[in-house]
Amino acid sequence: MSKKYGRRDFIKHSIVTGALMPMTPLSALAASPKSVPGSDELQVSIFSKHLQFLGYKDMSAVTADMGFDGVELSVRNGGHVLPENVAKDLPRAVAAVREAGLASDMMVSDVKELNPLSKTVLETAANQGIKNYRMGYLRYPETGTIPEALAYFNGKVRELAEFNQNIGIQGCYQNHNGRGVGSNVWELWELLQGSEQEAMGAQYDIYHAVIEGGRSWPNGIRLLKDRIANIVIKDFRWEKIDGNWQVYKTPLGEGMVDFDAYFKILKGLGISVPVAMHFEYDLFGAERGNRDIALSNRPIIYEAMHKDLQLLRKMWREA
């Protein structure tokens with residue numbers, strides 16, 4: 001499917017969302033065709049967390065106009081779809097996304113283990129044709145050893161994987177910087193042992209991998225290559241803030257992630273998977289999933305997202 005993103009469409013949907021304001025000309029708003037998965041193109045979805053100030057239909061329309069291929073729905077506490085309302089609201093959200101000509105194959109969840117609510121969330125998602133979900137984050141207990149905790153969590157993951165296989169959906173665990181389970185990709189590899197690949201995989205996040213791995217992150221990709229079901233794109237750099245070194249979140253291409261090297265590795269290993277774009281830098285609160293975004297700031301947010309998307313496609317083609 002080919003959809004053009006132009007100034008007229010942007011203005012139309014800015015009016016729909018009550019966000020119209022004077023804009024400076026931007027080359028980033030030039031028309032661009034939707035991508036087709038393959039060696040030269042990426043299938044890119046936006047994490048709906050960053051558009052939670054819009055209802056399902058307006059979110060889908062704006063996403064299509066910005067040039068994305070799909071939506072990674074936030075189905076968790078505080079998300080676009082609340083778990084307790086999943087049976088009613090997830091079909092509405094999926095329908096709105098697909099009516100806009102977008103894919104609705106992925107979601108982010110709070111699911112960490114099997115219980116009545118998680119079963120309902122996953123069964124509803126599978127029935128809606130969602131193929132993949134990201135798990136909630138696991139935390140190490142204060143007592144006991146790391147190997148003991150990993151063995152315990154591995155059992156929970158294998159239980160989830162068996163359920164996933166029965167209903168036809170794949171779970172994923174994301175590597176995330178910090179002290180949680182899976183911040184180091186070697187922990188994530190241990191976590192996935194014993195579960196079937198089609199039932200449980202990894203959502204590989206290069207941003208978090210570089211924060212934790214420094215220059216060793218290519219080893220992590222090689223380790224997880226058969227388990228990577230989708231990837232997350234965002235950027236950062238280290239900055240000294242108030243006397244302390246901290247992660248400073250940046251627009252794409254302004255940080256220290258070596259996307260050229262990263263994409264060359266992915267292509268060399270034959271890893272061609274869906275992409276989720278996350279926006280962690282300052283976007284008037286949209287980066288945190290705020291629902292109350294000033295109308296005058298919304299077009300600025302859309303332009304920034306579109307600019308990052310266009311740069312991502314360019315970097316992938318040139319790698």
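The values are calculated or read from the model by the stated rules, or taken from the named source; none is laboratory data. The model shown is predicted, which means the values in this text are computed figures rather than measured ones. As a convention, Cβ positions derive from the backbone with ideal geometry for all residues, glycine included, and neighbour counts pool all protein chains shown.
Residues in segment 87-102 that are touching a Leu at 6+ places or on another chain (Cβ under 8 Å) and closer than 23 Å to Asn290 by Cβ were compared, and the one that is surrounded by the most Cβ atoms within 10 Å (Cβ to Cβ) is Ala93.
Kindly establish whether Ala151 is among the small types (Gly, Ala, Ser), under 21 Å from the mean Cα position of the chain (by Cα) and in a helix (DSSP H, G or I).
no
Among the residues of this structure, Ser48 does not count as one that is in contact with a strand residue (DSSP E or B) (Cβ under 9 Å, 6 or more places away or on another chain) and closer than 17 Å to Ile167 by Cα.
In the condition set (1) among the acidic types (Asp, Glu); (2) outside any helix (DSSP H, G or I); (3) buried (at least 17 other Cβ atoms within 10 Å of the Cβ), Asp308 is compliant with all but (2). Answer yes or no: is there a residue in segment 157-175 that is hydroxyl-bearing (Ser, Thr, Tyr) and more than 21 Å from the chain's Cα centre (by Cα). Scanning segment 157-175, I find no residue that is hydroxyl-bearing (Ser, Thr, Tyr) and more than 21 Å from the chain's Cα centre (by Cα), so the answer is no. One residue alone among Val210, Val185, Val232 is under 30 Å from Gly129 (Cβ atoms), surrounded by 15 or more Cβ atoms within 10 Å (Cβ to Cβ), β-branched (Val, Ile, Thr) and at pLDDT below 95, and that residue is Val185.
Look at Gln203 and say whether it is of a type in the set (S, T, N, Q), in contact (Cβ under 8 Å) with a residue 60 or more places away in the chain, part of a strand (DSSP E or B) and at negative phi.
yes
Suppose the filter is surrounded by fewer than 20 Cβ atoms within 10 Å (Cβ to Cβ) and part of a loop (DSSP other than H, G, I, E, B); does Glu84 pass it? Judged against the criteria, Glu84 is not a match.
For Asn244, are the conditions met, namely being touching a Gly at 6+ places or on another chain (Cβ under 9 Å) and modelled with pLDDT under 95? Here the answer is no, as Asn244 does not meet what is asked. Whenever a residue of segment 61-76 is closer than 12 Å to Val97 by Cβ and of a type in the set (D, E, K, R), its partners that are assigned to a helix (DSSP H, G or I) and at pLDDT 95 or above, lying with C-beta atoms within less than 8 angstrom and at least six residues away or across chains, give the pairs Glu72/Ser48. Taken together, Gly182, Gly171 contain a single residue that is touching a Lys or Arg at 6+ places or on another chain (Cβ under 9 Å) and in contact (Cβ under 8 Å) with a residue 40 or more places away in the chain, which is Gly171.
Inspection of segment 41-60 finds no residue satisfying the criterion of being surrounded by fewer than 21 Cβ atoms within 10 Å (Cβ to Cβ), over 16 Å from the mean Cα position of the chain (by Cα), modelled with pLDDT under 95 and farther than 21 Å from Asn230 by Cβ.
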